[in-house]
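A quick write-up on the structure given underneath.
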Amino acid sequence: EAKTRTEQSQKEEETTLTTMDLETHFLTNNSKYKCKYGYITGITLEEVEGHLKTKDTVKDLESELPDGYSVSFKYNVTTEKDENVQEDENICSGMAITKGNEIVARVVVYGDINCNGKILDGGVLDVTKIVDYIEKKKNVTDFQKQAMNINQDSYIDDLDKNLALQYTSKSMNNIE
């Protein structure tokens, strides 16, 4: 039992140090990316035909990572498991950052809860998740909680829901 606790503590410490390594790297290199609590943020967004989408590609993010780190397409944010996920070099959201064979951070785009590279796209997928979580207390993964925090204030609440609904209404009006 003591050995297991020690190994777990060592792994947690390694993860913390790696996160600090990424955070320091991004800061010292004036990167637009940030790393905090094991989540990488700072993805650039653009509006295309009334929809907000991720502008960055996986190659953009990989070029900013320090030596020894890479982007993994194996991470599934819905199940929080390391498994085969379809690769798309244009979508950064939800991908895992690895060092060696270990997942050390995950890439989150605020508002892209289903990780399709579109932010609050048309309202049905991303907004429904936020509403279900806030109003119906439905379970979501830690990653999805990070992506739901649209206003980045550490809470998922009516402010996030209203921002999501507001953007979705704007998006739907542009389609019509």
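The values are calculated or read from the model by the stated rules, or taken from the named source; none is laboratory data. Fair warning: this is a prediction, and the values are worked out from it, not measured in the lab. Cβ coordinates were reconstructed from backbone atoms using ideal geometry, including for glycine residues, and neighbour counts include every protein chain displayed. Just the protein is used for accessible areas: all its heavy atoms, side chains included, with ligands, DNA and RNA removed. Shrake-Rupley method; radii C 1.70, N 1.55, O 1.52, S 1.80 Å.
Being surrounded by 20 or more Cβ atoms within 10 Å (Cβ to Cβ) and not aliphatic (A, V, I, L, M) is a property that holds for S93. Taking the listed residues V71, V109, the one that is in contact with a helix residue (DSSP H, G or I) (Cβ under 8 Å, 6 or more places away or on another chain), at pLDDT 85 or above and part of a strand (DSSP E or B) is V71, with no other qualifying.
Scanning region 16-55 for residues that are open to solvent by 50 Å² or more (accessible area, probe 1.4 Å), under 20 Å from I119 (Cβ atoms) and either of a type in the set (S, T, N, Q) or part of a loop (DSSP other than H, G, I, E, B) (or both) turns up K32, E49, K55. In a residue-by-residue description of region 144-155, the property of being under 27 Å from E13 (Cβ atoms) and part of a strand (DSSP E or B) applies to no position.
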